[in-house]
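First up is the structure itself, then whatever we jot down about it.
The values are calculated or read from the model by the stated rules, or taken from the named source; none is laboratory data. Predicted model only: the values in this text are computed from it and were never measured. Note that we place each Cβ from the backbone using ideal geometry, even for glycine, and neighbour counts take in every protein chain shown. SASA here: full protein model, heavy atoms, side chains in, ligands and nucleic acids out. Shrake-Rupley method; radii C 1.70, N 1.55, O 1.52, S 1.80 Å.
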Amino acid sequence: MWKVGVRCESGEAWHRAADRFGERRSRVNGRAERERRRGRRLPWPASDPGLLRLTVGLRTVGAMVLTLALLAPFRPSAPLLVAGGLTAVFSTAVVREPLPRDQAVTLALGLPTACLSVTAGTLLAPYKVIADAVFVLVIFSAVYVRRFGQRGTALGLIAFQLFFVSQFIQARAEILPALYGVLVAAFSACAVVRFVLVRSSPRRTLTRLLGAFQTRLRQTVDAMVELTEHPEQAAGNNPRARAERRLRRRVVRLHECALMIQGRLDEGTPDAPTAVSVQRRVAGMEIAAERLVAILLSPERPRPTPVLTAELRTLREVAAGGDWLQGLDAEGLRALRQRLLHYREHERLAEMPAPDREPLRAAGELVFSGLGLRVSLGTAGSGPEDDVRTAQYREELETEELGMDTGPRGLERTTTRTAFQVTVGSAFAIAGGELLSTQRWYWAVLSCWVVFINTSSTGEILIKGYRRLAGTIIGVVAGVGLTGLVAGNTWLTLAAVVVCVFAMFYTASLSHLLMSFFTTAMLGLLYTLLHTYSTEVFILRIVETALGAACGLFAALFVLPVRTSEQTDEQLREVLEKMREAIEEAVRRLSGEQPREEPALDLLDCVHEMSQALDSLRSSTDPLRHPISPLRTRGQTARYLVRLLDSAGYHVRGLAATAEQLTGGSRVTPDPRVAEAAARLSRNLAVLTARLDGEREPGTVEAGAGPIPLPSRADDPSNAAVGSRVARHVQRLDEIIIGLAEPLEVRVG
């Protein structure tokens, strides 16, 4: 067995010992290095966490291909083939419930909904005025039923899109029976692909997300090691600056993956205690990694010592050499893991150079949370090579697992307001589209509809409309080239359509511009199949897209408008409220106080809601921070606020993680000045929230007297270490909240 408890009198001696240890470890642990390199070459799980985009793309393409295969023996006409393919695409993409039984119910209800919508669109086609009025009613209903959850959203989209399909293929009453058969084939193909060919249960999705989290954690640790290898700013290409940017990007991606996991825990875990446990461990790993990154990126930090560099390499091999989810370890990893676990102990840290104690403690907490995740998932088997302290950690985690056990109304409701906005915008789009083309007016309506999806303010609609128009223009150019290449070859055209459909849904969550590009290219290929392709059709597509985006923007501006400033103020207020709740609950737990109200707040839920609100705020401020925004001053203010809140979010998560790591009777009594600063944080956040609520004189934000003194190490060493961490988080939050006062025009006392 390896001797991992090396004691040395100086950092240089420790470095020589670490080098000897590293040489032996590298020879024995070659498999870990190969896995790490393979993970670098194949980052697919990290780029698409949970394979969610890949699953949607495969299901959509599979349903479309299977529908066409079912229809082929009957030799249907090209319009029926197009209707079947589009129905398969739409009905697959809109069903998003997490549980398979809910998906089955939605598909079963979607078939009669599709038949009714197609019937109305077909029979009313000769009566333009009535057909347009019914289409506007369908649009209003499709948006309004979103208030009933994912099933209402899916059924509304099916009704809208199938009405559009009937207009696109110019369906006539005599083909309605055949069209019903096409719909049955399309929905049957969707069910077969979803429940047989491309199955994805909530538990399997969660497992993939956890695997992606592990991969992104490996990449983050890789970037940490790379940063320590470039300790000084170099001239020329500046590798240090590149390493810093890469590390910042990777820790942001790690945070995004953690949020995705937290959103899937309820359906992906067998019971509520397991969901809470996994959420706690993932949050602990994320916070430990963020704290380690923050320490390494600190401008005041001295050059990394050989001790820290060697132990970061150890952390990299632990992260890359085993599978934390399946309990599979490369040879020797258990010894390396328990080596890092010992850095949670004050006695072990006392042997290390002073500048390295905090980052080494963070590394130990990261490995401890990883071990806790394995315990939560039941993959942390014990081994004879475990030392006494590691066995105690495992027993502590297992014991903890056993011990765990009015909205707006009327027009203020988002779905109601959006329904009226989309209806008015679509009515104008129909009128303008009819003037441009009596056959293809629906493109304007579709563009108006799309710019409202997943937007919450006028600025977001403007940016989304601009991106859709740009993607359409580029897609027209690509479509002209593609149709020239595949003209006359039906099967090659269908293959190109399949590729475009997959790319359209795979990139939908990444870039609206790319999605619009592939959509327009696909339409050009479909027009080729329908023998209606012409350059004039593509030009009309651009004009109608611009008209639809303009109608959507007009409705957003003049029909129950929600200004970007109002939306961002509301979301900023929500961020501050959630931040205040999390800080108060964390400090209460750290001090061992009893909850003021029953039941007590769930700290991890508070932090998760704060992170989600912060992500929503970041999305809402995109129009202000966009390069084309003319509001330069407001854009600079938005960037300043988002940077401050990102930093505050890190410290709140760190404070919450510290509070969650203290279990049972392990409580810490903070220094009275720390408690006083925490109370001041709560009061200051209340003042800022009151200012956002519209109060002209909300009060004064109180500044602290100076830096919060760190607790003395003369007391219990473990409590002193935790207390100093709490003091640092509270002090930084105090400084950040003071920084928020100026842009919000609140006085500082």
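Some notes on this structure:
- The listed peptides 74-82, 549-557, ordered by packing as a protection proxy, come out as 549-557, 74-82 (highest mean of other Cβ atoms within 10 Å first).
- Packing here is the average count of other Cβ atoms within 10 Å per residue, and on that basis the peptides 104-116, 208-220, 724-736, highest first, run 208-220, 724-736, 104-116.
- Cβ-derived FRET efficiency at R0 45 Å, residue 647 paired with residue 150, nearest 0.05: 0.85
- With the convex hull drawn around the C-alpha atoms of the range 441-575, the volume per residue stands at 94 Å³.
- Counted by Cβ distance under 13 Å from residue 288, the other residues give a net charge of +2, where Lys and Arg count +1 and Asp and Glu count -1.
- Note on the range 416-492: Cα-Cα pairs beyond 14 Å make up 70% of the total pair count.
- Debye log10 I(q)/I(0) at q = 0.13, 0.28 Å⁻¹ for the range 250-310, Cα point scatterers: -0.48, -1.13
- Ordered from longest to shortest, the equivalent ellipsoid semi-axes for the range 94-225 are 39, 17, 13 Å, each the square root of 5 times a Cα gyration tensor eigenvalue.
- Solvent exposure ordering (accessible area, 1.4 Å, most first) of 474, 169: 474, 169
- Dipole of the range 204-323, positive end: most advanced residue of 239, 306, 217 [Cβ charges, Cα centre]: 239
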